[in-house]
Amino acid sequence: MNDRHRDSPPFPPDLPDHATASAWVHWQASRSAWQDLLQRWLNARTDGSWYARQCQYLALPTEIGRPMDLLFRTIGQAPRKLGKQDLALNDAERENANALQAGFNASRWSVDQAARVGMILAASSRLPNSTVFAALLDELANHGDIQEQIALYQGFALYPRDPALLRRAGEAIRSGIRPVFAAFALRSPWPQAMLTQSMWNQMIVKTFFLDLPLWPVQGLAERANENLGEILCDLIAERTAAGRSLNPEIWRLLALCPGERGHTRLRQRHAGSPAGSHEMHALQLAARESPHADIRSLAPAGPSGIAFSDEWAQLTQWQE
Amino acid sequence: MSDIQHAIEEMFSERSAACPCCGATLSPEMLRDLLRQAEHLQGEHQAFRRLTPGAGGMLIDPHAHMIARTTDDYEAMAASGVVAVIEPAFWLGQARTNVGSFVDYFSTITGFERFRAAQFGIRHYCAIGLNPKEANNRELADAVLDVLPRYLGKEGVVALGEIGYDEQTELEDRAFRAQIELAKEFDLPIMIHTPHRDKKRGTRRTMDTLEACGFDPARCVIDHNNEETVEEVLDRGYWCAFTIYPSTKMGNDRLAAIVERYGPERIIVDSACDWGVSDPLAVSKSARIMAQHGLDEATIRQVVYHNALKVYGLNGEMRETDWLDPAPVDQRTLYGGNSVLRGQAPRVEQDNPDRIV
Ligand SMILES: [Zn+2]
Ligand SMILES: [Zn+2]
């Protein structure tokens with residue numbers, strides 16, 4: 001095997017070495033729990049024994065052969081061996097997953113995707129630290145076909161929360177392949193926990209450019225920032241000038257982090273939208289979530305404990 | 001003579017006329033020629049219309065270098081009935097200087113290009129291999145052969161190809177044989193590029209090598225055939241593909257004549273469209289011309305659809321259900337919920353120029 005193209009320079013981690021090292025040890029402990037979980041899901045749906053065998057091979061600290069080639073091969077074969085049907089988790093399984101990792105949401109995963117993530121976890125059991133794990137992800141992503149890339153980025157939900165992975169995350173956000181971007185950005189707790197502010201803002205704004213729904217992004221309120229509010233104001237102005245439509249979820253985001261311009265925009269739009277219109281509904285829903293009392297006052301008092309994501313999912317016709 | 005021709009003869013007889021658009025003089029000979037072309041086209045359209053009902057109109061272009069084509073081409077191909085394309089790995093016109101260029105190329109045809117095709121409702125598959133031209137760079141060839149196993153097992157890889165001979169050098173022979181072994185190891189059919197120079201002997205040598213390596217002809221497509229090679233290729237049990245080039249080499253009419261003579265068994269038509277002068281609609285045009293030649297629908301369907309599906313479906317990576325009834329996860333991620341069966345239009349967001357950002 002030709003090793004030249006395999007060694008990528010490590011991303012300089014921001015954390016002190018000992019902190020990174022203990023985070024990796026901690027992650028290894030959770031990793032085996034997730035692997036058990038994925039194994040149970042697969043056993044219930046397909047030939048789990050083939051999958052289990054591959055994971056064993058991948059975890060062996062072998063000197064012989066080409067361990068990377070084995071990983072490429074098993075990941076490549078997963079759909080053929082296991083099928084591509086939806087995981088279709090039941091309620092108990094969903095709760096189980098969420099208990100192990102808050103925000104972990106495999107509701108749209110397929111069997112082969114779960115297996116591919118499981119294989120990456122299995123192969124990482126013999127790695128010494130997050131930097132090497134990040135290099136493994138680079139290697140897989142750089143040689144990955146489109147569905148492999150999708151699975152790899154979905155897996156971020158379960159990967160270590162380590163700055164060493166930020167560079168790979170940046171590639172997902174940069175991707176021109178919509179489903180690859182979506183695999184990283186939607187329904188995952190990793191981005192909100194790890195992205196720098198500028199990366200977060202790029203990711204959020206790009207969901208509008210890719211016509212993706214925003215509500216499946218986790219941490220919208222927690223990560224809202226004024227800088228993002230400014231970018232959104234410009235985007236709204238740009239689209240308005242061009243006479244183009246906008247995903248109404250943009251009002252929700254703006255209401256979460258309006259600067260001075262944002263306040264004005266929201267009030268203007270509210271005054272100009274006809275009662276009962278789609279946009280008015282969006283504006284009122286957005287206002288209710290705002291941390292600013294003057295914006296909240298734009299909306300009639302709604303029922304408390306409203307599940308915003310469900311409301312937005314119903315309101316937006318934007319499909320992934 | 002048709003009514004229109006009669007009318008023209010009466011109007012102009014041996015006189016010349018002025019072209020209505022540019023004012024140039026049209027001789028009677030030119031007028032007759034124009035007329036012949038118009039009638040020819042009309043005949044094709046009628047024949048094609050007779051062909052379409054009930055046939056589903058589905059086509060496969062099993063050899064298309066789509067990374068060289070525009071979105072206009074994708075739209076036109078989809079409109080012509082192409083439901084699937086196979087993109088074989090080949091050279092890029094410009095020789096590559098390092099293995100990283102190959103890695104990125106293989107990743108492109110298994111990655112971004114698949115996504116691009118899906119936006120137009122076309123399923124994209126590929127063949128992975130080291131082409132004979134670049135096999136002549138020994139050091140590079142070794143590095144590429146090393147990296148091939150990473151790609152051969154991937155989803156949507158339906159063959160090892162295009163491989164074979166170009167100048168028939170020793171280095172080409174070496175890479176060819178190594179890849180035949182890889183095809184056996186990965187249980188892949190092979191797509192053969194036959195040399196354009198010294199074609200007849202090169203094609204024979206290709207088959208000799210395949211057989212010396214114990215490769216099953218029933219799992220191998222020999223491409224770029226012509227009247228001189230077809231018989232031996234079919235006799236020896238291979239699939240026999242014809243690339244339709246717009247001006248030279250194999251044209252639509254010649255293909256129709258070959259199908260008339262040899263029947264549709266194991267014959268495949270493709271466009272091999274790339275950066276050069278080539279026609280991404282060659283498969284649908286061939287279907288039309290075969291219909292005009294009076295070939296029956298079942299025969300035509302076999303040549304423009306079923307044969308390719310059969311041989312490139314051998315490793316299970318390309319199935320009719322992929323476009324008729326795709327897996328939910330593929331519909332969600334790649335096809336925007338579309339399947340040919342349900343007749344949905346492919347999702348190409350006309351009003352959003354930012355989709356690829
Ligand atoms: Zn060729
Ligand atoms: Zn070609």
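The values are calculated or read from the model by the stated rules, or taken from the named source; none is laboratory data. The structure displayed is predicted, hence computed values, not measured ones. Virtual Cβ from ideal backbone geometry, glycine too; neighbours counted across all protein chains shown.
Residue-level check: of (1) within 21 Å of the chain's Cα centre (by Cα); (2) of a type in the set (Ser, Thr, Tyr); (3) more than 16 Å from ligand 2 (Cβ to nearest atom), B:Thr169 misses just (1).
Go through the range A:183-202 and report how many residues are of a type in the set (A, V, I, L, M, F, W, C) and assigned to a loop (DSSP other than H, G, I, E, B). Going through the range A:183-202 one residue at a time, the tally reaches 2. Identify the single condition in (1) among the hydrophobic types (A, V, I, L, M, F, W, C); (2) surrounded by 20 or more Cβ atoms within 10 Å (Cβ to Cβ); (3) farther than 20 Å from B:Ala127 by Cα; (4) in contact with a Cys (Cβ under 9 Å, 6 or more places away or on another chain) that B:Ile192 does not satisfy, given that it satisfies every other one. Among (1) among the hydrophobic types (A, V, I, L, M, F, W, C); (2) surrounded by 20 or more Cβ atoms within 10 Å (Cβ to Cβ); (3) farther than 20 Å from B:Ala127 by Cα; (4) in contact with a Cys (Cβ under 9 Å, 6 or more places away or on another chain), the lone unmet condition for B:Ile192 is (3). Taking the criterion of being within 16 Å of ligand 1 (Cβ to nearest atom) and polar (S, T, N, Q), the residues of the range B:174-229 that qualify are B:Gln179, B:Thr194, B:Thr203, B:Thr206, B:Asn225, B:Asn226, B:Thr229.
When A:Leu60, A:Leu100 are screened for being surrounded by fewer than 17 Cβ atoms within 10 Å (Cβ to Cβ) and at pLDDT below 90, only A:Leu60 passes.
For (1) of a type in the set (Val, Ile, Thr); (2) modelled with pLDDT under 95, each residue gets a yes or a no:
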{"residue": "B:Glu155", "(1), (2)": "no, yes"}
{"residue": "B:Glu167", "(1), (2)": "no, no"}
{"residue": "B:Glu170", "(1), (2)": "no, no"}
{"residue": "B:Phe176", "(1), (2)": "no, no"}
{"residue": "B:Lys184", "(1), (2)": "no, no"}
{"residue": "B:His196", "(1), (2)": "no, yes"}
{"residue": "B:Arg205", "(1), (2)": "no, no"}
{"residue": "B:Ala212", "(1), (2)": "no, no"}
{"residue": "B:Ile222", "(1), (2)": "yes, no"}
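The condition (being outside any helix (DSSP H, G or I) and either among the β-branched types (Val, Ile, Thr) or more than 29 Å from A:Arg265 (Cα to Cα) (or both)) is satisfied by just one residue among A:Val217, A:Val205, A:Val180: A:Val217. The residues of the range B:269-288 that are within 16 Å of ligand 2 (Cβ to nearest atom) and touching a Phe, Trp or Tyr at 6+ places or on another chain (Cβ under 6 Å) amount to a single one, B:Val269.
Within the range B:132-140, one or more residues are within 16 Å of ligand 2 (Cβ to nearest atom) and in contact with a Ser or Thr (Cβ under 9 Å, 6 or more places away or on another chain). Selection of the range B:55-75 for residues being more than 16 Å from ligand 1 (Cβ to nearest atom) and in a helix (DSSP H, G or I) yields B:Thr71, B:Asp72, B:Asp73, B:Tyr74, B:Glu75. Taking the range A:138-186 as the range and being among the small types (Gly, Ala, Ser) and more than 14 Å from chain B (Cβ to nearest Cβ) as the test, the residues that pass are A:Gly155, A:Ala157, A:Ala164, A:Ala169, A:Gly170. Applying the condition of being within 16 Å of ligand 2 (Cβ to nearest atom) and part of a helix (DSSP H, G or I) to the range B:197-208 and asking which residue is nearest to the other protein chains (Cβ to nearest Cβ) yields B:Thr206.
Here are some residues: A:Asp86, A:Asp112, A:Asp47. Which one is more than 14 Å from chain B (Cβ to nearest Cβ) and closer than 23 Å to B:Pro328 by Cα? Show your work before the answer.
Values: A:Asp86 fails: more than 14 Å from chain B (Cβ to nearest Cβ); A:Asp112 fails: more than 14 Å from chain B (Cβ to nearest Cβ).
Going through A:Asp86, A:Asp112, A:Asp47 in turn, the sole match is A:Asp47.
Taking the numbered list (1) in contact (Cβ under 8 Å) with a residue 60 or more places away in the chain; (2) touching a Pro at 6+ places or on another chain (Cβ under 7 Å) in turn, B:Asp223 passes all entries but (2).
Scanning the range B:257-275 for residues that are within 16 Å of ligand 1 (Cβ to nearest atom) and touching a residue at least 40 places away in the same chain (Cβ under 8 Å) returns B:Ile268, B:Asp270, B:Ser271, B:Ala272, B:Cys273, B:Asp274, B:Trp275. The condition of being surrounded by fewer than 18 Cβ atoms within 10 Å (Cβ to Cβ) and among the aromatic types (Phe, Trp, Tyr) holds for only one of A:Phe209, A:Phe184, that being A:Phe209.
Scanning the range B:136-146 for residues that are among the charged types (D, E, K, R), away from ligand 1 (no atom under 16 Å from the Cβ) and under 23 Å from the mean Cα position of the chain (by Cα) turns up nothing.
So which residues in the range B:91-121 are of a type in the set (A, V, I, L, M) and closer than 18 Å to B:Leu148 by Cβ, if there are any at all? Hits for the range B:91-121 are B:Leu92, B:Val99, B:Val103, B:Ile109. Within the range B:77-117, the set of residues being in contact (Cβ under 8 Å) with a residue 12 or more places away in the chain, over 24 Å from B:Gly164 (Cβ atoms), surrounded by fewer than 24 Cβ atoms within 10 Å (Cβ to Cβ) and of a type in the set (A, V, I, L, M, F, W, C) comprises B:Ala78, B:Val83, B:Phe115. Listed by first and then second residue, the pairs linking a residue in the range A:136-164 that is closer than 22 Å to A:Asn98 by Cβ and assigned by TED's automatic domain parsing to the domain that holds A:Pro189 to a residue that is part of a helix (DSSP H, G or I) and among the basic types (Lys, Arg), with Cβ atoms under 6 Å apart and 6 or more places separating them unless they lie on different chains, are A:Ala151/A:Arg116. Meeting the requirement of 3 or more residues that are modelled with pLDDT under 95 and under 19 Å from B:His193 (Cβ atoms), no helices (runs of 4 or more DSSP H) wholly within the range B:256-320 can be named.
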